[in-house]
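*Asks:* The structure's right below; bear with me while I get my questions together.
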Amino acid sequence: MTMSTRGRVVIPKPVRDRAGLRAGDTVTLQLVGDAIEVRRTASPPVVSFHHDADGFYAWLDRHAPDGFFLVVGKNTLHRAGLCVHFGNTTREALCATRLDDLLGVAASRGIEPRRCRHCVARGLSDDDAAHAWFARTPQEYPKPGP
């Protein structure tokens, strides 16, 4: 493992694979003798920030470029770290590391997310699910449940 000056720890892929870790997972590192024990910790799949610019920007820093956020009210879906604009931080932002989790919460609230044109122009990601969602036309957007 290596640690950056900002406190970011890089866990080698073989260790991530053995521990069953995926991008976006929250982990706890515990020093046990000369070893470091890595444990996955539970975190909510979708986090809401409203009138909390510091919390929102901290989330973006931790989850770029793997995270997604939805600006409620404008109903625009963005990719963390790739979007050049994310508007007014006084609006509620729903944030998640997994697109399906975020879309599920949006649907449960009756929100029909639309793609951010700036994120689409930047190509978004190598994540197949995210790429497929952002590649849809507005007619193909998922409709919220009853």
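The values are calculated or read from the model by the stated rules, or taken from the named source; none is laboratory data. None of these values were measured; they are calculated from a predicted model. A quick note on method: Cβ atoms are made from the backbone with ideal geometry, for glycine too, and the neighbour counts reach across all protein chains shown.
*Asks:* Which of the residues belonging to the stretch 23-51 are at pLDDT 75 or above, part of a strand (DSSP E or B) and under 16 Å from the mean Cα position of the chain (by Cα)?
*Replies:* VAL27, VAL46, VAL47, SER48, PHE49
*Asks:* Could you tell me whether the stretch 101-122 includes any residue that is modelled with pLDDT of 85 or more, part of a loop (DSSP other than H, G, I, E, B), among the acidic types (Asp, Glu) and in contact with a strand residue (DSSP E or B) (Cβ under 7 Å, 6 or more places away or on another chain)?
*Replies:* no
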